[in-house]
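The next block holds one structure in the form of structure tokens; read it before the comments.
The values are calculated or read from the model by the stated rules, or taken from the named source; none is laboratory data. Computed from a prediction, not measured in an experiment: that's the story for all the values here. Don't worry about glycine lacking a Cβ; one is built from the backbone with ideal geometry, like all the others, and counts go over all protein chains shown. For the accessible areas, the whole protein counts, side chains as well, though only heavy atoms, and no ligand, DNA or RNA atoms are used. Shrake-Rupley method; radii C 1.70, N 1.55, O 1.52, S 1.80 Å.
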Amino acid sequence: MKKIILAFALLAFSFNSFAQLDSNEWYLSFGVNAINNLGTQSPINSPDDWAFNKVPVSAAVEFSWSRQFSIEQSITLNGFTTSSIVDGNTINKELDYVSFDTHVKYYFGQYLFPNADWIDFFANAGVGFYHIDETNISGNLGGGVLFWLNGDRTFGLRAQAISKFALDASDSGYDNNHFQYHLQATIRL
């Protein structure tokens, strides 16, 4: 039994090393973001109330170890101004939003459009650490699309949506479940 487990482990590590040799690529993304923190379960509820205030900046670095899988680390800055609506209530003070997210991404666009090299669809899942009024940790699920603007796939435009599920949403005030949307330029390094 030990030999079977050892053989399986060696085989798995061999496949992983071949996948890593296939495409060790780095990507850098920079753009804007919007937050939907209206206390609803609808990701598109009241688009006029999305937080797109203060400095709505997002940046990410992504490492692709195969054609389908990558890992991404991102930082997001945003905020809520006085009289913004957060969780369905008007706030009377300014709040800053800072988020650090780590996602594993699965690119599946080649299965939908096998002959289209200019578009990639992806799903992502991971964890986040964010702060609005307090600090909280979230489980994140999302997805998006990446449009390559040149033939060698070095520059693109990415749109993505992320659902953030706070670990202690009931006790965390403003730092609870919310949706986040990104529009970013992406560069292959």
Exercise for the section: Can you run down the residue pairs with Cβ atoms below 8 Å, 6 or more apart or on separate chains, where the first is in the stretch 22-41 and closer than 30 Å to Ser66 by Cα and open to solvent by 50 Å² or more (accessible area, probe 1.4 Å) and the partner is at pLDDT below 70 and not aliphatic (A, V, I, L, M)? Expected result: Val32/Phe52
Exercise for the section: Return yes when Ala116 is assigned to a strand (DSSP E or B), of a type in the set (A, V, I, L, M, F, W, C) and free of Cβ contacts under 8 Å to residues at least 24 places away in the same chain and no when it is not. Expected result: no
Practice task
Output the residue which, of all residues in the stretch 101-112 that are within 10 Å of the chain's Cα centre (by Cα) and not basic (Lys, Arg), is most open to solvent (accessible area, probe 1.4 Å).
Solution key: Val104
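Matching residues to (1) of a type in the set (A, V, I, L, M, F, W, C); (2) exposed (fewer than 14 other Cβ atoms within 10 Å of the Cβ); (3) modelled with pLDDT of 85 or more:
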{"residue": "Ser83", "(1), (2), (3)": "no, yes, no"}
{"residue": "Val98", "(1), (2), (3)": "yes, no, yes"}
{"residue": "Ile119", "(1), (2), (3)": "yes, no, yes"}
{"residue": "Val127", "(1), (2), (3)": "yes, no, yes"}
{"residue": "Trp148", "(1), (2), (3)": "yes, no, yes"}
{"residue": "Gln180", "(1), (2), (3)": "no, no, yes"}
Problem - Contacts under 8 angstrom Cβ, first residue in the stretch 144-155 being without any contact (Cβ under 8 Å) to a residue 60 or more places away in the chain, partner open to solvent by less than 40 Å² (accessible area, probe 1.4 Å) and hydroxyl-bearing (Ser, Thr, Tyr), 6 or more apart - result: Leu146/Thr186; Phe155/Thr186
